[in-house]
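Take a look at the structure below.
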Amino acid sequence: MDRSIINKIVLVAVLAFAFVLAPVYYQVVDGNVGSDHFIGTAWALIPAVVAIVLALVTKEVYSSLFLGILVGALYLAGFNLPVAFDLLVNTSGEGVGFIESPDIGIVMFLVLLGAMVALMSRSGASSAFAEWASKHVKSRVGAQIATTVLGILIFVDDYFNCLTVGSVMRPLTDRYKVSRAKLAYLIDSTAAPICIIAPISSWAAAVSGCLDGTVYDGQGFEIFCNAIFYNYYAILTIIMVFMVILLNMNFGPMKRFEEDAEKGILHSHVSEGHEEIEVVSNPRGCIFDLVLPIVSLIVACILCLLYTGGFFDGVGLIEAFGDCSASVGLAMGSLAALVFSMLYYCVRKVLTLDDCMKAVPAGFKAMVPAILILVFAWTLKGMTSALHVDVFVNDLIGNSGELMKFLPAAFFLLGAFIAFCTGTSWGTFGVLIPVVAGVFSTNYDLMLISTSACMAGAVWGDHISPVSDTTIMSSAGAQCNLIDHVATQLPYTLLVGMVSCVSFVFAGFIENKFVCLAMSVALLFVSVYVMKRIDSTKCPEDGETADR
């Protein structure tokens, strides 16, 4: 049967189940359809299930999340349409509401971050950095390390990372005969993986927001920071990049592309639908125009987070971070950094005031997709919380004993599967993290590990998905064919993903972040050693070249 027909059947079946079967079932059972039938029961899972299944079938996260929200509103209202509508739009505190007041700070942070990105892009800082790098990098390995280091330094946003690193480093990697496929791999491996473990980033704000309204309300930023050491996929991916570079470890399709690159065949290609990304040329720009705004953003956000946590009123450093308001602190810090950057560029006459002000709407436009996903994810989270899915799940598996220990690995694989099919990490966060908070409402340690597993799995799935925006932008920034990029990086990502999955199994039983991280790194080194030994026993055929 044709795949599209199967998808349509699944789509109709899911919608019929959610919208028709539920009211009919209770009408037949007791002649009454009320919200009490759905709260704290298996039906409380249906909104999230609808969002997940529809996202997998349609590969469209916005409409899928909205339909999941609609199902939740109808269940809460007992299929009373006026009441359901009131639940969606009521922000007085009695209803779920689309956006709660603490979330506005996260939206402000994303808008201001977009403006910062636009400012740095227009200042000519990228061109200045490329010129500086060309004078200090003297080898093929050095060019790859410089690319990776730049990707790590630009941790505030994955879009900015992809668009900047490729355009800045491409001339340098071309000079030292690094294939475009390898450049795309380096870009992709230091975009989302570094953002998901950086406390000052748009991703940290998104994850923190997903926990608001759950039993861990107000602890989102603290949980994100504590979960960093459990984010095995992100950490191991970055370690893997350095191992690939330093050990010259090219296996799978990447090996053929790198052999061609040494002969001068880089396989340059601009993916269909993407224009070549050019570095903005500004004779007044310098490397500090890139460094100072990023440093100011980091410093300002950290100080503002400490301020909201009471650090300047005598509260200890750790306690201040734990009690801080991520939404308020990040919004205040990003606003301060934006004002500083504008003044800095104007004083140096790198940009005019008019250029700076034009960056604000441009940055807002770039962040609209992220904001839209967050709004839907927050609302779906509110629906599932109001339906008390945590009560049902805890009653179902609360006494399952050692089976609970395997749930972090299960959430990791589920998150990877959803992100792979939909091409979005943020949508995956919005669906899974509130469920994790409900499942482990009384077990903080396993909640922490499972939350990190959701983040790690979402990044893994996004990393290997051909429909992912970061995958597409990485290939475009490197001017590498999209399918070539996906195929060449797949062996590396699969290896790191499998090691991460095993590590989450260990973490579920050991629950010690430092011991488990050390074990995961050791397991990665053993796996790489085995792969390198296997690869060394293979004799490539003479004259073998990569398919164009």
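The values are calculated or read from the model by the stated rules, or taken from the named source; none is laboratory data. Predicted model only: the values in this text are computed from it and were never measured. Here the Cβ positions follow ideal geometry from the backbone for every residue, glycine too, while neighbour counts run over all protein chains shown. Side chains are part of the model used for accessible areas, which takes the heavy atoms of the whole protein and leaves out ligands, DNA and RNA. Shrake-Rupley method; radii C 1.70, N 1.55, O 1.52, S 1.80 Å.
Residues checked against (1) of a type in the set (D, E, K, R); (2) in contact with a Lys or Arg (Cβ under 8 Å, 6 or more places away or on another chain); (3) touching a residue at least 24 places away in the same chain (Cβ under 8 Å); (4) surrounded by fewer than 24 Cβ atoms within 10 Å (Cβ to Cβ):
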{"position": "141", "(1), (2), (3), (4)": "no, no, yes, yes"}
{"position": "147", "(1), (2), (3), (4)": "no, no, yes, no"}
{"position": "175", "(1), (2), (3), (4)": "yes, no, yes, yes"}
{"position": "186", "(1), (2), (3), (4)": "no, no, yes, no"}
{"position": "192", "(1), (2), (3), (4)": "no, no, yes, no"}
Could you please tell me which pairs satisfy a Cβ distance under 9 Å, a separation of 6+ or placement on different chains, a first residue in region 292-306 that is on the phi < 0 side of the Ramachandran plot, and a second residue that is in a helix (DSSP H, G or I) and of a type in the set (Val, Ile, Thr)? 304/328; 305/328
Complete set of residues in region 214-235 that are crowded, with 24+ Cβ neighbours inside 10 Å, of a type in the set (Gly, Ala, Ser) and at pLDDT below 90: 220
Test each condition in (1) assigned to a helix (DSSP H, G or I); (2) more than 17 Å from residue 154 (Cβ to Cβ); (3) modelled with pLDDT of 85 or more; (4) of a type outside the set (D, E, K, R) for residue 350 and report the one that comes out false. (1)
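Report, by residue number, each residue of region 192-242 that is part of a helix (DSSP H, G or I) and among the aromatic types (Phe, Trp, Tyr).
Here is the first cut: in region 192-242, the ones part of a helix (DSSP H, G or I) are 192-195, 202-210, 220-230, 232-242.
Those that are part of a helix (DSSP H, G or I) and among the aromatic types (Phe, Trp, Tyr): 203, 221, 224, 229, 230, 232, 233, 242.
Which residues, counting only those in region 130-139, are open to solvent by 60 Å² or more (accessible area, probe 1.4 Å) and over 11 Å from residue 175 (Cα atoms)? First the steps, then the outcome.
First, the residues of region 130-139 that are open to solvent by 60 Å² or more (accessible area, probe 1.4 Å): 131-132, 135-136, 138.
Residues satisfying the conditions are 131, 132, 135, 136.
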Somewhere in region 338-346, is a residue of a type in the set (Phe, Trp, Tyr), within 28 Å of the chain's Cα centre (by Cα), at pLDDT 85 or above and part of a helix (DSSP H, G or I)? yes
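If the requirement is being closer than 22 Å to residue 221 by Cα and open to solvent by less than 10 Å² (accessible area, probe 1.4 Å), which of these qualifies: 457, 497, 461, 477? Walk me through how you get there before you give the answer.
Numbers: 497 fails: closer than 22 Å to residue 221 by Cα; 461 fails: closer than 22 Å to residue 221 by Cα; 477 fails: closer than 22 Å to residue 221 by Cα.
The conditions single out 457.
Among the residues of region 252-281, what is the count of those that are modelled with pLDDT of 80 or more, part of a loop (DSSP other than H, G, I, E, B) and open to solvent by less than 60 Å² (accessible area, probe 1.4 Å)? Step through it out loud before you land on a result.
If we filter region 252-281 for residues that are modelled with pLDDT of 80 or more, which is where we start, we get 252-263.
So of that shortlist, the ones also part of a loop (DSSP other than H, G, I, E, B) come out as 252, 263.
Restricting the remaining residues to those that are open to solvent by less than 60 Å² (accessible area, probe 1.4 Å) gives 252.
Within region 252-281, residues that are modelled with pLDDT of 80 or more, part of a loop (DSSP other than H, G, I, E, B) and open to solvent by less than 60 Å² (accessible area, probe 1.4 Å) number 1.
Table: residues versus (1) of a type in the set (Gly, Ala, Ser); (2) in contact with a Ser or Thr (Cβ under 8 Å, 6 or more places away or on another chain); (3) surrounded by fewer than 16 Cβ atoms within 10 Å (Cβ to Cβ); (4) over 20 Å from residue 447 (Cα atoms).
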{"site": "472", "(1), (2), (3), (4)": "no, yes, no, yes"}
{"site": "508", "(1), (2), (3), (4)": "yes, no, no, no"}
{"site": "514", "(1), (2), (3), (4)": "no, no, yes, no"}
{"site": "534", "(1), (2), (3), (4)": "no, no, yes, yes"}
Among (1) surrounded by fewer than 24 Cβ atoms within 10 Å (Cβ to Cβ); (2) without any contact (Cβ under 8 Å) to a residue 40 or more places away in the chain - the single one residue 169 does not satisfy: (1)
Test residue 325 against the criterion of being in contact (Cβ under 8 Å) with a residue 60 or more places away in the chain and surrounded by 15 or more Cβ atoms within 10 Å (Cβ to Cβ), and give yes or no. yes
If we keep only residues of region 415-454 that are open to solvent by less than 10 Å² (accessible area, probe 1.4 Å) and not in a helix (DSSP H, G or I), then the residue modelled with the highest pLDDT is 440
Cβ pairs under 7 Å, 6+ apart or interchain, first in region 435-451 and closer than 22 Å to residue 378 by Cβ, second assigned to a loop (DSSP other than H, G, I, E, B) and open to solvent by less than 30 Å² (accessible area, probe 1.4 Å), ordered by first then second residue, are 437/211; 437/214; 437/216; 438/214; 447/440; 450/440
